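The values are calculated or read from the model by the stated rules, or taken from the named source; none is laboratory data. Note that the coordinates shown come from a computational prediction; the quantities given were computed from them, not determined experimentally. Cβ sites come from the backbone with ideal geometry, for glycine too, and all protein chains shown count toward neighbours.
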Amino acid sequence: MRILITGGAGYIGTELAHLLIENEAVEHVTIYDNLSRNNYNLFIEEELKSGKISFYHGDILDGRNLRKALDNIDVVYHLAAIVTTPYADQELHQYEQVNHWGTAELVECIQETNVSQIIFLSSASVYGFSEEYMDEDSKTNPTNHYGIAKKRAEQEIKLLSKTRKVTIIRSANVFGYSRSMRFDSVINRFMFDANFNGRVNVFGDGRQNRAFISIDFLSHILSNLIFDKEFPTVLNAVEFNFGVNEIIFEYLKKVYPETEVLYVNQEIPVKGIKLKSKFNVREYKSFVHQDFETYLNNFKFKFSFR
């Protein structure tokens, strides 16, 4: 089995690549990435299996390069996207160009190949905000440009479903240590600031709910999809639902007891989302879950100094 990962040098792609190349059923993994985040950690320090992984420097909007990279590929993981947290409206052009039209370009290229399966990493943001738990049957109603672009991308991916196996993963907010770190997501930012600054900033009153999944669990789900023939077409990938204040006062301050909390625009209510799955995703493929505090403690000891 030969696999292409778009955005494969990023936060999630790096962890997924490491899992895939350890699988004997995987013959080769191609990383397709434009390195727009200037993150090169996939390429250094750890020696990956020689001859089993290669890198193709290319942009998701570049159809000519995509066609070359897709040659002789069986499975595509589509992770490439513009992601910023919070989902600022000033990125709307990039969201539309990369996340929507980049996906459309990929779909067009795949239609000319023998690719048999595509796995698309979408986002829970396609549901918009809700105080009720959202599952796979819930109506999508994105409320920001990132979510709108992801919903449009899902529509493009579904065009392949008549001739190929398609899986759409609507992921919660991802957290945890990766060889290619991001520190702009909620929990990762809190951990960095608590560790090095002794203070975390909260926008609004902190009562907003958020859905989360550890990068270990998400990578585990993704890596197993190519062997699971009964997997649903759409899956909500979620492990925890917490309010922001709950994260800080019930968990983070146990790991960093001296952390100061600074609220910004506390009088402004911030909407949130709660996520669940109909498919008992927490039991998927015998993954051993940790409790949330253990995740944070293990993350803490990945920092070089404190």
>> With the requirement that a residue be β-branched (Val, Ile, Thr) and closer than 15 Å to residue 72 by Cα, what does the range 7-35 give you?
In response: 26, 29, 30, 31
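The rows are residues; the columns are (1) surrounded by fewer than 19 Cβ atoms within 10 Å (Cβ to Cβ); (2) farther than 25 Å from residue 214 by Cα.
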{"site": "10", "(1), (2)": "no, no"}
{"site": "31", "(1), (2)": "no, no"}
{"site": "47", "(1), (2)": "yes, no"}
{"site": "51", "(1), (2)": "yes, yes"}
{"site": "54", "(1), (2)": "yes, yes"}
{"site": "57", "(1), (2)": "yes, yes"}
{"site": "73", "(1), (2)": "no, yes"}
{"site": "77", "(1), (2)": "no, no"}
> Is it true that some residue in the range 267-282 is among the acidic types (Asp, Glu), touching a residue at least 40 places away in the same chain (Cβ under 8 Å) and in a helix (DSSP H, G or I)?
Replying inline: no
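This table checks each residue for (1) at pLDDT below 95; (2) polar (S, T, N, Q); (3) surrounded by fewer than 21 Cβ atoms within 10 Å (Cβ to Cβ).
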{"position": "96", "(1), (2), (3)": "yes, no, yes"}
{"position": "113", "(1), (2), (3)": "no, yes, yes"}
{"position": "120", "(1), (2), (3)": "no, no, no"}
{"position": "127", "(1), (2), (3)": "no, no, no"}
>> Filter the range 286-306 down to the residues that are surrounded by fewer than 12 Cβ atoms within 10 Å (Cβ to Cβ), assigned to a helix (DSSP H, G or I) and of a type in the set (D, E, K, R) and list them by number.
In response: none
> If you go through the range 252-278 one residue at a time, how many are buried (at least 16 other Cβ atoms within 10 Å of the Cβ), closer than 24 Å to residue 127 by Cβ and over 19 Å from the mean Cα position of the chain (by Cα)?
Replying inline: 1
